[in-house]
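Let me begin by presenting the structure, written as C-alpha cells, before commenting on it.
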Amino acid sequence: MGKIMTAYQNKTPLIITAGQQTRAMILHEAYLTNRDETVLPRPWVKWAYQPVRAQDVPAAIIRAYVIALQPPSSPVYVSIPLDDWDQAALGDAVVRTVSSRYAPDSDRISLFAERIRKSKTPALVYGPEIDRSGGWDAGGTFAEQLQAPAFFPPLTDRISFPETHPQFCGYLPMAIGPLSKRLRGHDLIIVIGAPVFRYYPYVEGDYLPSGAELLQIVSDPADAGAAAVGDSLLSDARLALEALIQLVPKNKARSLPPPLRVASKLPSVPNDPLTAREAFIVLSELRPENVILVNESASNAEDVIRSWPTDRSPISPSQAAGWGAPAAIGIALAQKKTGRGRPVVAFIKDGSLQYSFQRLYSAGRHKRRRSNK
C-alpha cells in the first residue's frame, strides 16, 4: 500500500491487478476473499473496479489503461476473480488510444506571461511534471531567457533542471515558515509542474514572503485546488513552457544570486567519524558517466546535492519508505530492456533497506547487481 501511495503521489500511470477468490465462493467469504475489493486501495488509485462478468476483464483492462494515462496520470486497480481466466473471451479486446496531455488556455497563459514580464525579481520552482512531460529542454531555455533562479519544490519525485546549472539554487524547505523565508526578495514565484507545496513538519509562518505573488502551472486540478496561495493554470508543463518562451522576452539585465556551492573535494584533514558528505564526495569521484541516481537517503539529501550534483537523472524522494532499491532495480531492468544501458546507483538509508529484502534476490537473478551500490 505504501508503494501504491508513492506511485499516486508521483503520478505514475500504473495498472495494478489483484487476484480475487473464485466467484462461486465470494458470497460466503471463503479464505482469500477480498471483501469490498474496490475499497482496499483507495484513496491512492484513480479508479478501482472488479468486472461484473469474466468476459469484461479485457475491456476493464483497456479502460484502466485509458484512465491511468490521462492527466493527471495515476495508478488504477482491477480485481480479477480466480476462475475468470477459465472463461472464453468474447473476441479481441477493443484497443483505444487517448491523449496524455493538454495545452494551456490561450487567454490565461497570456495573462500569466504579462505578470511574469512585469516582475522585477521572479523565482522559478521547477516540479517533476516538467521532466515527465518531456519539457527538460524547454525548462532550461525558459529559465535562461528569464534569468531567474531555479529551485526544486520539497519532496519532488524527479528533477527537471540540471543541478550543475549556475541558476540552480537547491531544494525548497518542506515547512511553511522556512520555505517562505527561503524565497524572500522575490516578488513573483512561478511554480511549474508541482503542488504548492508538499509540506511535512508544521513550522508556522506566512505562505509567501511579504509582497510576493505566486503563479502555478500544473496538470492536476486537485493540486490546483489544494494550493494555499496563488493563481493556477491547468496545462501540460512542456506545452506551457513552450508558450511562455514565445510570450516572455529575454531579460539581459537581471542579476542572479550566487549558485549553489558544491563540495567536490575532501577536507585536508578527514573528519572522524566520516561524514555523509565526505562519503558522497568519494563516491562521486568514482561514479560512471551518464549514471542514473536514485536517492532514498532523505536525512542526507542536502549532502547528496552538494557533493553529487546531477545533470539529468531521476532523483526520487518518496512518500513511503522502502521504495528506493526496488525502484533502482526496475530502472536498471528498463535500461537493459531498452538497450540504453545507463548504469544505476542507489543511496538507501538503513531503515528503508529493511522494507523489501527480496529486491536483492531480484537484482541477483536478473544480474543487475550494479543497482545495489
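Every number here is computed from the coordinates shown, using simple stated rules; none is lab data. Please read all numbers here as calculations on a predicted model, not as lab measurements. Quick reminder, even Gly has a Cβ in these numbers, built from the backbone with ideal geometry, and neighbours come from all protein chains shown.
Points to keep in mind about this one:
- Fewest-first sequence of Asp220, Asp236, Asp231, Asp272 by Cβ atoms within 10 Å of each Cβ: Asp272, Asp231, Asp220, Asp236
- Taking GluC sites (Glu not before Pro) in DSSP loop conformation with at most 12 other Cβ atoms inside 10 Å as exposed sites, the chain has its longest uninterrupted site-free stretch at 30-203.
- Qualifying chymotrypsin sites (Phe, Trp or Tyr not before Pro) for segment 73-138 [loop in DSSP, other Cβ within 10 Å: at most 15]: Tyr102
- Value of Rg to Rh for segment 45-122, rounded to two decimals, is 1.31; Kirkwood radius and Rg both from alpha-carbon coordinates.
- Loop-resident trypsin sites (Lys or Arg not before Pro) (DSSP state other than H, G, I, E or B) in segment 100-174 with no more than 14 further Cβ atoms inside 10 Å of their Cβ: Lys120.
- GNM flexibility winner over the chain from Leu266, Leu244, Leu172 (Cα, springs under 10 Å): Leu266
- Estimated [θ] at 222 nm from DSSP helical runs (n ≥ 4, -39500 (n - 2.57)) normalised by residues in the chain, nearest 500: -9000 deg cm²/dmol
- Within segment 106-247, all pairs of alpha-carbon atoms sorted by distance into 10 Å bins from zero give the percentages 13, 48, 35, 4.
- The chain: angle of helix 106-118 to the longest principal axis, Cα-based, in degrees nearest 10: 30
- Non-local Lys pairs in the chain, i.e. 8 or more apart or on different chains, that have alpha carbons under 16 Å apart: 10
- The C-alpha atoms of the chain define a longest principal axis, and helix 324-338 lies at about 80 degrees to it.
- Neighbour net charge for Thr164 - beta-carbon separation under 12 angstrom, K R +1, D E -1: 0
- Cα-based Rg / Dmax (Å) for segment 2-86: 13.1, 39
- A crude spin-label estimate for the pair Glu29 and Arg287, with each label 7 Å from Cα along the Cβ direction, gives 5.2 nm.
- Here the label points at Leu247 and Leu333, each 7 Å from Cα along the C-beta direction, are separated by 4.3 nm in the simple model.
- Across all C-alpha atoms in segment 197-272, the radius of gyration and Dmax reach 19.1, 54 Å.
- Computed FRET value (nearest 0.05) for Leu69 with Leu353, which takes r as the C-beta separation and R₀ as 35 Å: 0.60
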